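Student: Take a look at this one; I'll ask things after.
The values are calculated or read from the model by the stated rules, or taken from the named source; none is laboratory data. What you are looking at is a predicted structure, and each value in this text was computed from that prediction instead of being measured. Cβ atoms come from the backbone with ideal geometry, glycine included; neighbour counts cover every protein chain shown.
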Amino acid sequence: MFFFLSETHPGKAKADNLKRRLGCDHYIIHESDGCSGGLLMLWRKEVVIQLNDVSKYFIDVVVRDGDEWRLTGVYGEPSWDHKDQTWGALRSLHGSSSLPWLALGDFNEILFHHEKEGGRARPQGHIQAFQDALADCGLADIGYTRDIFTWRRGKIRECLDRGVVNPEWKLCFLTQGWYTARW
C-alpha cells in the first residue's frame, strides 16, 4: 500500500508523524517552498519502491509489488504563466522509461470545459496544452467514479486531480480490476 499527497507543506517531522499514524515504513518528501507545493509519498514495507527522480512537480518511482510499474505523483504548477514547466517535466519523464505508467495527483488544470463550473471560462489554450502534454506522453485519463469536481472555492468547482495511464498500465491493471479496487 502507498499514499501520495500533494500541496502538503510538510516538514520531515510532520512526515515522520504521518508515516507512523498511517502505519507506513518509508517515505519520500519534497518540502514546500513555504507558500505552495510540497510532495509526500509514503508506503509500507511490503511494497518495494525505487526512486527515479523528485522535483517540486513530481515524485517518480518504480513500484515492485509482484509487477513492476512506474508511479509518478504530480503537483502541477499553479501559476498560469508557468504551467508549461509541468508539461515539460511530464514529457521529460515520458522519455525515461517504457514501464507501465500511472501518473496521479493535482495537475492544477482541467482537460475539458465541462470540468469547470463558475468563474471565468478557462482559456482553450491552457486546456489544449494539458491535452497535448498527455497525448505526447501516451497518457489517458482513467476517470473517476464520484463527483468529478475535486477542487472548490466559493462557487467555483474544478476537476484538477486525476489519474492518467499509458496503454501498458491499462493493459496490466485496469483489465485485472485494479482501478475499481484501489482508486
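Student: Please determine, by comparing only the residues of segment 9-31 that are touching a residue at least 24 places away in the same chain (Cβ under 8 Å) and crowded, with 19+ Cβ neighbours inside 10 Å, which one is nearest to Ser96 (Cα to Cα).
Tutor: His30
Table: residues versus (1) surrounded by fewer than 16 Cβ atoms within 10 Å (Cβ to Cβ); (2) assigned to a helix (DSSP H, G or I).
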site	(1), (2)
Leu99	no, no
Ala103	no, no
Ile110	no, no
Ala121	yes, no
Gln128	yes, yes
Ala133	no, yes
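Student: Name the residue that is surrounded by the fewest Cβ atoms within 10 Å (Cβ to Cβ), counting only residues in segment 150-168 that are touching a helix residue (DSSP H, G or I) at 6+ places or on another chain (Cβ under 7 Å) and under 18 Å from Gly73 (Cα atoms).
Tutor: The first filter runs over segment 150-168 and keeps only residues touching a helix residue (DSSP H, G or I) at 6+ places or on another chain (Cβ under 7 Å), leaving 158-159, 164.
Add one more test, that the residue is under 18 Å from Gly73 (Cα atoms), and what stays is 159, 164.
On the way: Cys159: 21, Val164: 23.
Among residues in segment 150-168 that are touching a helix residue (DSSP H, G or I) at 6+ places or on another chain (Cβ under 7 Å) and under 18 Å from Gly73 (Cα atoms), the one surrounded by the fewest Cβ atoms within 10 Å (Cβ to Cβ) is Cys159.
Student: Can I ask one more? Filter segment 140-149 for residues that are surrounded by 11 or more Cβ atoms within 10 Å (Cβ to Cβ), without any contact (Cβ under 8 Å) to a residue 40 or more places away in the chain and not small (Gly, Ala, Ser) and give the result.
Tutor: Matches in segment 140-149: Asp141, Tyr144, Ile148, Phe149.
Student: Follow-up. With the structure loaded, tell me whether Ile29 is in contact with a helix residue (DSSP H, G or I) (Cβ under 9 Å, 6 or more places away or on another chain) and not charged (D, E, K, R) or whether it fails that test.
Tutor: Details: in contact with a helix residue (DSSP H, G or I) (Cβ under 9 Å, 6 or more places away or on another chain): yes; not charged (D, E, K, R): yes.
In short, yes.
Student: To continue, here is another question. Among what's in segment 32-69 and is touching a residue at least 40 places away in the same chain (Cβ under 8 Å) and charged (D, E, K, R), pick the residue that is nearest to Ser98 (Cα to Cα).
Tutor: For segment 32-69, the residue satisfying everything is Asp67.
The rows are residues; the columns are (1) more than 15 Å from the chain's Cα centre (by Cα); (2) closer than 23 Å to Trp69 by Cα; (3) at pLDDT 95 or above.
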| residue | (1), (2), (3) |
| --- | --- |
| Asp132 | yes, no, yes |
| Leu139 | no, yes, yes |
| Asp147 | yes, no, no |
| Arg153 | yes, no, no |
| Ile156 | yes, no, yes |
| Phe173 | yes, yes, no |
| Gly177 | yes, yes, no |
| Trp183 | no, yes, no |
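Student: Still on this structure, I have one more. Looking at segment 50-106, which of its residues are of a type in the set (Gly, Ala, Ser) and more than 21 Å from Pro167 (Cα to Cα)?
Tutor: Ser55, Gly76, Ser79
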